[in-house]
1. Going by the conditions given, is residue 87 in contact with a helix residue (DSSP H, G or I) (Cβ under 7 Å, 6 or more places away or on another chain) and at pLDDT below 95?
2. Would you confirm whether any residue within segment 131-142 is on the phi < 0 side of the Ramachandran plot, without any contact (Cβ under 8 Å) to a residue 24 or more places away in the chain and more than 19 Å from the chain's Cα centre (by Cα)?
3. Within segment 67-85, can you find the residues that are exposed (fewer than 15 other Cβ atoms within 10 Å of the Cβ) and assigned to a strand (DSSP E or B)?
4. Do we have residue 124 as at pLDDT below 90 and over 17 Å from residue 208 (Cβ atoms) here?
5. What do you reckon, is residue 98 part of a loop (DSSP other than H, G, I, E, B), surrounded by 13 or more Cβ atoms within 10 Å (Cβ to Cβ) and modelled with pLDDT of 90 or more?
6. Take the conditions part of a loop (DSSP other than H, G, I, E, B), surrounded by fewer than 18 Cβ atoms within 10 Å (Cβ to Cβ) and in contact with a strand residue (DSSP E or B) (Cβ under 6 Å, 6 or more places away or on another chain) and apply them to residue 9. Does it pass?
7. Can you pull out every residue in segment 156-185 that is without any contact (Cβ under 8 Å) to a residue 12 or more places away in the chain and in a strand (DSSP E or B)?
């Protein structure tokens, strides 16, 4: 995983147990079937075959056999393959291949509740609220409304509208809640944006009614 516009680290997982000299190896990374991301040709970096979008965006740490992909973007997501060939008495032979999958993460803004209501609130009237969060990636799982009164909290699932920016590929999400204004008790309302098992959740500042 890598954060948007940060450096992604892709490991080749090459043990080099034979302690082979880099000058006898050709190391190259590719994405998909035909995009060459980086190439080290018998000790020298070679740029002739690189896909244009990776030029000046990669560095190879030969001590750790790790590729650094600078300014990682959402378009860089996907499967990468590291291939190592050894030059030994004639034609090069492939001695190592490995694959890794790159996922990009962009942080969502803290969910924010807005009142879709004008005028004074009266008991038993309907109250309309919206909760929004923006600028994140990947698409979140769900948005949950939390209604707290006295010692109990109810979790309400409502439809989540999702839109994706055509250029940046970042997501904006909104959910709406329509509830009855309580007559006697005070309630706190907040909303929770669930991003996924590994990414956790974000919660809004609660509003009191």
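1. So residue 87 fits the description; yes.
2. Checked against the condition, which is being on the phi < 0 side of the Ramachandran plot, without any contact (Cβ under 8 Å) to a residue 24 or more places away in the chain and more than 19 Å from the chain's Cα centre (by Cα), segment 131-142 yields no hits at all.
3. 78, 79
4. Numbers: at pLDDT below 90: yes; over 17 Å from residue 208 (Cβ atoms): yes.
It is true that residue 124 is at pLDDT below 90 and over 17 Å from residue 208 (Cβ atoms).
5. Working: part of a loop (DSSP other than H, G, I, E, B): no; surrounded by 13 or more Cβ atoms within 10 Å (Cβ to Cβ): yes; modelled with pLDDT of 90 or more: yes.
In short, no.
6. Working: part of a loop (DSSP other than H, G, I, E, B): no; surrounded by fewer than 18 Cβ atoms within 10 Å (Cβ to Cβ): yes; in contact with a strand residue (DSSP E or B) (Cβ under 6 Å, 6 or more places away or on another chain): yes.
No, not satisfied.
7. Scanning segment 156-185 gives a single hit, 163.
Conditions (1) modelled with pLDDT under 95; (2) not in a loop (DSSP other than H, G, I, E, B), marked per residue:
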| residue | (1), (2) |
| --- | --- |
| 114 | yes, yes |
| 119 | yes, no |
| 136 | no, yes |
| 147 | yes, yes |
| 153 | yes, yes |
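The values are calculated or read from the model by the stated rules, or taken from the named source; none is laboratory data. This one's a predicted model, so the numbers in the text were calculated from it and none came from an experiment. With ideal geometry, Cβ positions are generated from the backbone for all residues, glycine too; neighbour counts draw on all protein chains shown.
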